[in-house]
Amino acid sequence: MASHFLSLGVIMLITSSFSLASDSSPLQDFCVADRNGPVLVNGLACKDAKLVKADDFFFSGLHLMGNTSNAVGSLVTPVTVAQLPGLNTLGISMARIDFAPWGINPPHTHPRATEILTVIEGRIQVGFITSNPENRLINKVLQKGDVFVFPEGLIHFQRNVGHGNAIAIVGLSSQNPGVITIANAVFGAKPDIPNDLLAKAFQVDVKVVNQIQSKF
Ligand SMILES: *[C@@H]1O[C@H](CO)[C@@H](O)[C@H](O)[C@H]1NC(C)=O
């Protein structure tokens, strides 16, 4: 009997961790985010439905090129619930990514979303890495009109490998996908992760860690 309860508990833990990994389904037509509301919930509280207007479901500006003059040569223009309050509880968002020639969107992960990408302009190399122990790189060069999917939670990247600029549009399965950029998180943590710890983790000299940490 006790072992039955134990396995039931394990099953419930597993299923609840799966369901918590993604946005929950809406229980009403919409729940436009009330950014100034005093209520704290998982997500954002709903604005009074009677006061909702078309502009709550609207965003303009994805035709504009992002400024890629930065260290990585790319810029993400997000359209998540922070920019479009009507996305609250709907489980989706999108973004435009601009790339300078050879610009990269560095290895990163979205803790709450699968991502689907299409190339609007240029040629983009995309890839993701499977989890331990294989850590297999799955990568491909995409042309204009091609579509690629990055499974939820996996580390992925993009790079402009064409001539001239490149543009991608992505869809994400969360109103608030979150972004963890690996280099920034590991080497740019505030306060620093101890450098001797990182030296052991990356199997390099502490000097190498200090050099990388100084960049973030
Ligand atoms: C792009 O960003 C760079 C670096 O921040 C800045 O110097 C430059 O003025 C920006 N260009 C435009 C067109 O906004």
Note to self: Among the residues of the stretch 64-121, what is the count of those that are assigned to a loop (DSSP other than H, G, I, E, B), within 16 Å of the ligand (Cβ to nearest atom) and either out of contact with any Pro (no Cβ under 7 Å at 6 or more places or on another chain) or free of Cβ contacts under 8 Å to residues at least 24 places away in the same chain (or both)?
What the structure shows: 12
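Yes/no matrix, rows are residues, columns are (1) of a type in the set (S, T, N, Q); (2) within 20 Å of D98 (Cα to Cα); (3) outside the structural domain of T118 (by TED's automatic domain parsing):
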{"site": "D146", "(1), (2), (3)": "no, yes, no"}
{"site": "P151", "(1), (2), (3)": "no, no, no"}
{"site": "I155", "(1), (2), (3)": "no, yes, no"}
{"site": "R159", "(1), (2), (3)": "no, yes, no"}
{"site": "A168", "(1), (2), (3)": "no, yes, no"}
{"site": "F187", "(1), (2), (3)": "no, no, yes"}
{"site": "D205", "(1), (2), (3)": "no, no, yes"}
{"site": "V208", "(1), (2), (3)": "no, no, yes"}
{"site": "I212", "(1), (2), (3)": "no, no, yes"}
Note to self: over 26 Å from S69 (Cβ atoms), assigned to a strand (DSSP E or B), out of contact with any His (no Cβ under 8 Å at 6 or more places or on another chain) and not aliphatic (A, V, I, L, M): is that true of K140 in this structure?
What the structure shows: yes
Next item on the list: Could you check how many residues of the stretch 45-63 are closer than 22 Å to E121 by Cα and either part of a helix (DSSP H, G or I) or among the polar types (S, T, N, Q) (or both)?
Entry: 1
Notebook entry, point to check: On the given criteria, is R96 more than 18 Å from the chain's Cα centre (by Cα) and closer than 12 Å to A168 by Cα?
Noted result: no
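The values are calculated or read from the model by the stated rules, or taken from the named source; none is laboratory data. What you are looking at is a predicted structure, and each value in this text was computed from that prediction instead of being measured. Reconstructed Cβ throughout: ideal geometry from the backbone, glycine too, with neighbour counts over all protein chains shown.
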